[in-house]
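Please read the structure below before turning to the comments.
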Amino acid sequence: MGDHLRGDFGAGITTITLDSQHNRNALSGPLLREFVSELERIDLEQTRVVVLRHVGPAFCSGVDLRAGDVSAMAELPPLLESLWNLSAPVIAVIDGAVRGGGMGIIATADIVLSTPESSFGLSEVRIGVTPTTIWPLVAQRLVPSAQYLALTGEAFDGLHAARVGFVTETHSGVELEAELDRYVNGILCSAPNAVAATKRMLRLHSGPLNAGDDLSAVLDPLAEDSIARFQSPEAEEGIAAFLEKRSPRWAPQRA
């Protein structure tokens, strides 16, 4: 456990909680380094899902302007790359404010849950800078018509974040925790290698097909990969479990 965040593991779930409340979880050098170090410690043989959470009224307030040293921003890209490349699905749970670089951190997640009242913003232009480092990640979540948010720097709530694609779902209180449990359970009941392969697929093939695309060139390698998956030991277990009407070995066992 570090001074700015804490990591916990149990039942296939690694939870990383930002806990630097004195500066609203701002992106200081120490927090960024602790974050990367925590990710490096994750045992991906045991971790099936990574959950990002926060303590206090802000998930992340952006770069730590009060520290007077923005050189820490050079340490943000390695963090974003580490999060983006995790083979395990990442779920971010937001109940508060997110600004600046925090938007980039959330954009690396596969699933983002927030309360309706949570506040989001690409506020860089309001202080004379740009969201250049995080934009490629944020842009792949936002619908094109919402790119104006980077130009105005205006804040928007969780409901609007869901409408423009940045947030997966919004829920309040116990409902938020229930939805988190539902997503986590869905991942834990699914085959680990198949989930990792599906995450890679989503990263590589999330864009629309174009009229001029050679469809066979796109689909043939994917079909080969799909056939290989059907012949894997994991698929053999999953199909056997389905036919025998039992839970596969990787699923949580009911008491």
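Within region 79-89, which residues are buried (at least 22 other Cβ atoms within 10 Å of the Cβ) and either modelled with pLDDT under 95 or closer than 22 Å to ARG182 by Cβ (or both)? Residue satisfying the conditions is PRO89 alone. Is it the case that region 132-145 has a residue that's part of a helix (DSSP H, G or I), of a type outside the set (Phe, Trp, Tyr) and farther than 23 Å from PRO77 by Cβ? Yes, some residue in region 132-145 is part of a helix (DSSP H, G or I), of a type outside the set (Phe, Trp, Tyr) and farther than 23 Å from PRO77 by Cβ.
Yes or no, residue by residue, for (1) modelled with pLDDT of 95 or more; (2) among the hydroxyl-bearing types (Ser, Thr, Tyr); (3) assigned to a helix (DSSP H, G or I):
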residue: ALA161; (1), (2), (3): yes, no, yes
residue: LEU176; (1), (2), (3): yes, no, yes
residue: ARG182; (1), (2), (3): yes, no, yes
residue: SER190; (1), (2), (3): yes, yes, no
residue: ALA194; (1), (2), (3): yes, no, yes
residue: GLY238; (1), (2), (3): yes, no, yes
residue: ARG254; (1), (2), (3): no, no, no
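Number of residues in region 151-173 that are farther than 22 Å from LEU202 by Cα, open to solvent by less than 30 Å² (accessible area, probe 1.4 Å) and out of contact with any helix residue (DSSP H, G or I) (no Cβ under 7 Å at 6 or more places or on another chain) equals 1. When region 196-236 is filtered for residues that are open to solvent by less than 60 Å² (accessible area, probe 1.4 Å) and not in a helix (DSSP H, G or I), the ones remaining, listed by number, are GLY207, SER232. Taken over region 46-78, the criterion of being under 23 Å from GLU177 (Cβ atoms), open to solvent by 10 Å² or more (accessible area, probe 1.4 Å) and of a type in the set (A, V, I, L, M) is satisfied by VAL55 alone.
Every condition in (1) open to solvent by less than 30 Å² (accessible area, probe 1.4 Å); (2) modelled with pLDDT of 95 or more holds for ILE13 except the one numbered (1).
Search region 100-140 for residues being farther than 25 Å from GLY207 by Cβ and among the charged types (D, E, K, R), and hand back the single one that is farthest from the chain's Cα centre (by Cα). Residue satisfying both the conditions and the ranking: ARG126. Scanning region 99-119 for residues that are surrounded by 24 or more Cβ atoms within 10 Å (Cβ to Cβ) and of a type in the set (Asp, Glu) turns up nothing.
The values are calculated or read from the model by the stated rules, or taken from the named source; none is laboratory data. This is a predicted model, so every value here is computed, not measured. Because the Cβ atoms are built from the backbone with ideal geometry, glycine has one as well, and the counts that use them run over all protein chains shown. These accessible areas exclude ligands, DNA and RNA; they are computed on the full protein's heavy atoms, side chains included. Shrake-Rupley method; radii C 1.70, N 1.55, O 1.52, S 1.80 Å.
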